[in-house]
């Protein structure tokens, strides 16, 4: 899962470098406190949303978590936003578009097998909503999720994991868990796989380009998913059969 040096190297000037916080090397009370904070944010919040709160609470919960993430990143030693918002390289855009095409192909196959009547349902039956989703999803949903689940995760919680491979696996797991409130296994499994891919892409792009690279990748993949009709599995409150 860690990948080779050239497996997805999207920034030869800084690709594959870990963020400021190194993996492992944290022990004692500091590890326990940071671990408890991690569990509350990435385990407690999704479980509360899935089992205690109504599905409509998703947006308030997400933006509250985002505000907390921004607060923690503001306090992080040496963290500067201007150093973290460099655009993707050409190689990064190639990988991003490849992920978008692969997502569309996989979504079409899944819809044809599972819900053929809903294939391209959003653009066909709700074209105005589809246009709004295409315009807003990358900025309103994908970008905040990447700040919370990739930038904060690797900037602050990397020392909890012994290696990059463990961190990528854990990131995929918590990202899948964050979609448990959607009440279907397809959303959880696909989000887990996507989360691991985004985590790997974030690390390969490097600290300077990671956020915008995975935000673009997440946004394009999400737009492909909703265009194909997979919104029946990823829109909160709608349960899959």
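Here are the numbers for this structure:
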quantity: Residue tally, condition touching a helix residue (DSSP H, G or I) at 6+ places or on another chain (Cβ under 6 Å), more than 12 Å from residue 223 (Cα to Cα) and part of a helix (DSSP H, G or I), over the stretch 83-122; calculated: 5
quantity: The stretch 54-74, subset loosely packed, with under 15 Cβ neighbours inside 10 Å and without any contact (Cβ under 8 Å) to a residue 60 or more places away in the chain, residue nearest to residue 155 (Cα to Cα); calculated: 74
quantity: Residue within the stretch 75-82 that is assigned to a helix (DSSP H, G or I), more than 22 Å from residue 140 (Cβ to Cβ) and free of Cβ contacts under 8 Å to residues at least 12 places away in the same chain present; calculated: yes
quantity: Single match in 65, 39 (criterion: touching a helix residue (DSSP H, G or I) at 6+ places or on another chain (Cβ under 9 Å), closer than 19 Å to residue 176 by Cβ and either at pLDDT below 95 or part of a helix (DSSP H, G or I) (or both)); calculated: 65
quantity: Unique residue being modelled with pLDDT under 85, within 13 Å of residue 156 (Cβ to Cβ) and outside any helix (DSSP H, G or I) when the list is 21, 2; calculated: 21
quantity: Flag for residue 110 being surrounded by 14 or more Cβ atoms within 10 Å (Cβ to Cβ) and within 28 Å of residue 229 (Cβ to Cβ); calculated: yes
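The values are calculated or read from the model by the stated rules, or taken from the named source; none is laboratory data. Since this is a predicted model, take the numbers as computed values, not measurements. Please note: Cβ atoms are built from the backbone with ideal geometry, for glycine as well, and neighbour counts cover all protein chains shown.
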